[in-house]
Amino acid sequence: MLKIKDVTLAFGKNVVLDDVNLEFKQGEIVGLVAPNGTGKSTLINVILHNLTPQKGFVEYENTRYQTQKDTIKLHQEICSFPEQSDLFPFMTGRDHLNLYADLWHNSVKSVGQVINDLQMGNYVDKKVQTYSLGMKQRLCFAMVVATDSPVMLLDEVMNGLDPQNVALISQMLLKLKDENKLIIMASHLLSNLQQYADRVLFMGKGHIIEDLDNKKQNKRYLKMQSTPETTKLLANYDYETLPNNLILVPLEKIEQDKLTQLIASLVRADIQYAVERIDIEDLFNKFYD
Ligand SMILES: Nc1ncnc2c1ncn2[C@@H]1O[C@H](COP(=O)(O)OP(=O)(O)OP(=O)(O)O)[C@@H](O)[C@H]1O
């Protein structure tokens, strides 16, 4: 179990984390979602001990960052996504993977398997200086996988990837979850996160403003754009309008007859609608006006 206990971190007067408490379990994919500059990377840096909070602590499997020995132990268990600028241009991708596997004493997962899983065979033996942005990004992710560490912190792992690579990495994340890894990832790719995240933490003003169980979003809504015509049709219904002008009508509150009537009037007026769950993008619009 990874615990964040009473953590407060401020840069001068800018309180980025204000008494934050969180617990994370193995086998969980957790998305960190918030607008730019809210504190996602700061939270990841606190977990890594790159930043020391003014108050509170981080604890993993009953160990805190107290002594140098603790820090070494925790850094064997937690691996973060490297920056592309950390790569060595004159080394090959395979050299990087071997380096990370060695540093984290991974003797279980073979580097060959990681290369196969991430379809890197055709370029992994070339020097990194010949790689495109997307190839480097895939290598950085593969380096984390090669550590086989139980906790993986991924800050913007999908940046710069084409849809096929996004799908490949998403598939790999599910495999890692099956291997009982705890994966915490900051991402702005909300529809992608929705496909596999177990939990989504929305951050704002120093706090976790919503801790969403993404697997239990069963409620369905009738969704449509807000226009004078739709608001007139909905005059006798309960609904909410998000800042992006999307109307959400909760279906659980409408009787069957009234719903049939409403849908018939939407069809007659040629108004586009959908019946869906509330998605992460809708919630983003709701929370960040
Ligand atoms: N080293 C630092 N010194 C001073 N302020 C900092 C420092 N690092 C981050 N901040 C501030 O902390 C706040 C949170 O930044 P952080 O990088 O954690 O946001 P983020 O949610 O990860 O943003 P993004 O989506 O842009 O990556 C911002 O106001 C930022 O300016």
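Every read-out reported here was derived from the displayed coordinates using simple, explicitly stated rules and does not represent laboratory data. The structure displayed is predicted, hence computed values, not measured ones. Cβ atoms come from the backbone with ideal geometry, glycine included; neighbour counts cover every protein chain shown.
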Taking 165-171, 145-151, 231-237 and ranking on average Cβ neighbours within 10 Å, highest first, one gets 145-151, 165-171, 231-237
In whole Hz, the Karplus estimates of ³J(HN,Hα) for the stretch 165-170 (6.51, -1.76, 1.60; θ = phi - 60°; x where Gly or Pro) are 6, 4, 5, 4, 5, 4
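Tell me the relative contact order for the chain as a rounded percent, counting alpha carbon contacts under 8 Å between residues six or more apart. Intermediate results must be reported in sequence, preceding the final value.
Numbers: 489 pairs, mean separation 60.1, N = 289.
Once divided by the residue count of the chain, the mean separation gives 21 percent.
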Filtering GluC sites (Glu not before Pro) in the stretch 207-260 by DSSP loop and by at most 13 other Cβ atoms within 10 Å leaves 255
The stretch 2-216: antiparallel bridges as % of DSSP beta bridges, rounded to 5, reads 55 percent
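Ranked highest first by the average count of other Cβ atoms within 10 Å around their residues, in what order do 70-82, 121-133 fall?
Numbers: 70-82: 17.5, 121-133: 13.9.
Result, highest mean Cβ count within 10 Å first: 70-82, 121-133.
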For the chain, whose charge dipole is built from +1 on Lys and Arg Cβ atoms and -1 on Asp and Glu Cβ atoms, the candidate among 208, 189, 118 with its Cα farthest towards the positive end is 118
Under 14 Å by backbone N from the virtual spin label 7 Å along Cα-to-Cβ at residue 164, the residues of the stretch 102-126 are 118-123
Stretched fully, the stretch from residue 86 through residue 72 gains (0.36 nm per residue minus C-alpha distance, one decimal, in nm) 3.0 nm
The size of the Cβ-based charge dipole (Lys, Arg +1; Asp, Glu -1) of the stretch 221-287 about the Cα centre, to the nearest 20 debye, is 140 debye
In degrees rounded to 10, the 0-90 angle between helix 256-268 Cα long axis and the longest Cα principal axis of the chain is 90 degrees
Summing -39500 (n - 2.57) over every DSSP H run of at least 4 residues in the chain and dividing by its residue count gives a helix-only mean residue ellipticity at 222 nm, to the nearest 500 deg cm²/dmol, of -10500 deg cm²/dmol
antiparallel share of DSSP beta bridges within the stretch 115-211, to nearest 5, in %, is 45 percent
Checking rank on 104-116, 269-281, with mean other Cβ inside 10 Å and highest first, the result is 104-116, 269-281
Magnitude of the Cβ-charge dipole (Lys and Arg +1, Asp and Glu -1) of the chain about the Cα centre, nearest 20 debye, reported as 200 debye
One finds the C-alpha centres of the stretch 199-265 and the stretch 88-152 to be spaced, in Å, by 43 Å
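Full-extension gain between residue 267 and residue 55, please, as 0.36 nm times their residue separation minus the C-alpha to C-alpha distance. Write out the running numbers ahead of the final one.
Details: separation 212, 0.36 × 212 = 76.32 nm, distance 5.65 nm.
Value of the extension gain: 70.7 nm.
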